[in-house]
Amino acid sequence: MRKVNFFQSIHLKFVLIYVLLIALAMQIIGVYFVRELEDTLLENFKTSIEDRMSPLEYSITEEIKADLAGERSDDEPSLQESIQVLLGGLNSEDIEEVRIIDARNRVLGTSDDNNQPVVGQRMNNELLQRMFIEGGPPPNSLNETYVDRETGERMWVLAMPLIEGSDVIGAIHVESRIENVYSQMDQINGILAGGTAISLVITAILGVLLAQTITRPIADMRSHAVDMAKGNFSRKVKVYGHDEIGQLAITFNNLTKRLQEARVTTEAEKRKLSSVLSYMTDGVIATDRRGRVILINDPAAAMLSVSRETVLSMSLPELLGIEDEYSFEDLSSQNESLILNFGTQAKPYILRCNFSAIQKETGFVSGLIAVLHDITEQEKIDAERREFVANVSHELRTPLTTMRSYLEALAEGAWEDEEIAPQFLHTTQTETERMIRLVNDLLQLSKMDSRDYRLNKDWVNFIAFYQRIIDRFDMGRSQNVSFKVKLPKEPVYAEIDTDKMTQVLDNIISNALKYSPEGGQIGFKVELKEREKEMVISVSDQGVGIPRENLKNIFERFYRVDKARTRQLGGTGLGLAIAKEMITAHGGQVWASSVEGRGTTIYFTLPYDPESEDEWA
Ligand code: ADP
């Protein structure tokens, strides 16, 4: 946030406004006052001059009248002398000179002692001429203001006619110093200007203080708002009063509270959303309106094996690797899910992708949500199921076709042939048995696949149990095969379903016998791994062996290494698959190792209880 420059601050503006308003007010008052005062002073000045001239006017008129009437005796002073007496002492600060003029423009007397020579001379004065000529009858007094050329001062001149009846018998000409009034006005103006300046200074200082009461809360709120923008909601604005600014501060504080609450809610929602997104097993990707990735959760990043940082702001079609077939617009209108195959021959990997556009009420697409779902496992199960059905049909069809051809041959007359008939019947019988075995195995598998499949477990001494099974095979065997048995001496207790475990061992041992050559040896071994609390049971033969690449497949359903040969041996291809299911149900593992042509060993583990030895003993 930029700091407010003093010259742009509201503080300065307040002070300026104050000062300008005061200056303007003073100006208006000043102009009005000065003008009125000047008028009054000038008026007063003129009236005072005129007032002082009135008695003079009367006495001089009387003197001139007497002189004209010839009533003046010799011992009396002459007209000029008596006028001089009347004018004596008239000069003052205001009056420059008073002259008396007779009707023929001759100066009869002057109040200026230094200017006595003008007495008796004619006076050519324009104002007097105007008064005599234009003024009457009877003429009025005239006046005018002029600026003295020598001193530069303003002078006010008054010409008053002296009237007897209807005749003008003379005039009084007064020059007065009106400049005094103007200089007085100048003084007053000066005082006024000084007052204005002082009042401006005082208001400016007051303005600064007053403006502070307004600007301080505002500045406070401003810095608070800056803090708020940075996410600090803990501060409160101080409320200085209950005026509009105080109300604003209260509202501001309320707003802060609301904002904080809203923020807390948003944060909580955000956290909820992000934990939902990250704990989801489905991948979620969100884009902006141009299809750039703005959000991707961990499962989605893991599914696409990308890192979150690198894909943000990448385009969605590009991220999914479908930019050649689909544009972002296609995806936003895509209603069905897309199947994306990222797998290779060795490692299948299939994703299903659903899209949903985030639309505003106006229909404007503001983003897209893509949900990714790993369907590899499901696809695998589907494929397995299809394969299983195909296998079962195939396995059943082979013996059935064989049987049909044999039965047809018998029906067509072979039954009469004493040599062939028993042979054919024997074959149909073995095929039927094989089918029964197959169906039984299938039933067994389907039982184990069903959810409520339970083992019927008992604690038994596994060594004794195993020994009994080996003995049974030892007694019943028809081939020339020797047994090499290496079992622990002490009893080993394990919790097993004896029926199922018998089936497992039967299968493994009979396989070993089946594939053993004449004179071969079968090894039986049980190793105890005390630390892991498990034993490793192994059955090894010296038979044909299994090619390395087929080793891990032999536990799959219907898998046979050499199809023709094993079918001859009566195998269904399900024995090891069933054994694996059962061992897994017991908490063990099964695997095989083999060297082709040298023999095979089938291993499996079973958990046992190392401590219980003593108790049972
Ligand atoms: P089958 O009933 O056909 O024997 P299994 O599931 O028991 O079915 O065995 C699957 C396949 O594993 C057999 O067809 C055979 O090819 C191979 N196999 C199993 N045990 C041995 C062994 N001891 N020696 C050689 N091959 C074996």
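What follows is calculated from the coordinates using simple rules that are stated; it is not laboratory data. It should be emphasised that the depicted structure is a prediction, and the values quoted were computed from it without experimental measurement. Here Cβ is always computed from backbone atoms with ideal geometry, including for glycine, and neighbour counts include all displayed protein chains.
For Val284, the residues 5 or more places off, or on other chains, whose built amide H falls under 5 Å of its own are Asn297, Ala300, Leu372. For the chain, the mean residue ellipticity at 222 nm estimated from helices alone is -17000 deg cm²/dmol, where every DSSP H run of n ≥ 4 contributes -39500 (n - 2.57) and the total is divided by all residues, rounded to the nearest 500. Per the Debye formula on identical point scatterers at the alpha carbon atoms of segment 458-553, with no solvent, log10 I(q)/I(0) at q = 0.16, 0.19, 0.24, 0.25 Å⁻¹ is -0.74, -0.99, -1.33, -1.38.
As a proxy for reagent exposure, ranking Tyr58, Tyr608, Tyr18 by other Cβ atoms within 10 Å from fewest up yields Tyr58, Tyr18, Tyr608. Using the Karplus relation 6.51 cos²θ - 1.76 cosθ + 1.60 with θ = phi - 60°, the per-residue 3J(HN,Hα) values for segment 321-336 come to x, 10, 5, 6, 9, 10, 9, 4, 5, 4, 5, 5, 9, 6, 8, 8 Hz, with x marking Gly and Pro. Charged side chains reduced to their Cβ positions (Lys and Arg at +1, Asp and Glu at -1) give the chain a dipole of some 5060 debye around its Cα centre. Packing-based ranking of 406-412, 436-442 yields 436-442, 406-412, ordered from highest to lowest mean Cβ neighbour count within 10 Å.
Cut-off under 12 Å on the C-alpha distance; same-chain residues fewer than 8 positions from Lys484 excluded. Which aspartates and glutamates are left, in chain and number order? Correct list for Lys484: Asp471, Asp474, Asp541. Positive end of the dipole of the chain (Cβ unit charges, origin at the Cα centre): among Leu277, Ile509, Phe132, the Cα lying farthest that way belongs to Ile509. Counted by neighbouring Cβ atoms within 10 Å, the residues Val504, Val31, Val98, Val306 run from fewest to most as Val31, Val306, Val98, Val504. In the structure shown, the pairs Lys489/Lys533; Lys380/Lys525; Lys486/Lys580; Lys514/Lys580; Lys270/Lys347 are assessed against 27 Å; a Cα-Cα span above that value is assigned to Lys380/Lys525; Lys270/Lys347.
Taking amide H as placed 1.01 Å from N in the peptide plane, the amide H of Glu96 sits under 5 Å from that of Glu175, Ser176, Arg177, each at least 5 places away or on another chain. Here, segment 166-237 yields an orientationally averaged convex hull projection of 10.7 nm² when only Cα atoms define the hull. Sorted ascending by nearby beta carbons within 10 Å, beginning with the fewest, Val208, Val15, Val264 become Val264, Val208, Val15. Run the Debye formula on the Cα coordinates of the chain, all scatterers equal and no solvent, and tell me log10 I(q)/I(0) at q = 0.06, 0.07, 0.09, 0.11 1/Å. Taking Cα atoms of the chain as identical point scatterers yields -0.72, -0.82, -0.99, -1.16.
Given R0 = 22 Å, the distance between the Cβ atoms of Leu210 and Lys236 translates into a calculated FRET efficiency of 0.30. Close amide H contacts of Ile358 (hydrogens built in the peptide plane, cut-off under 5 Å, sequence separation of 5 or more or a different chain): Ser366, Gly367, Leu368, Ile369. Over the chain, Cα pairs under 8 Å with separation of 6+ residues give a relative contact order of 7 percent.
Helix by helix through the chain, keep the DSSP H runs that span 18 Å or more along the axis on Cα and average at least -1.0 on Kyte-Doolittle, and give those back in order. Span-like helices, by this rule, are 10-69, 179-229, 244-279, 376-411, 420-449, 462-476, 498-515.
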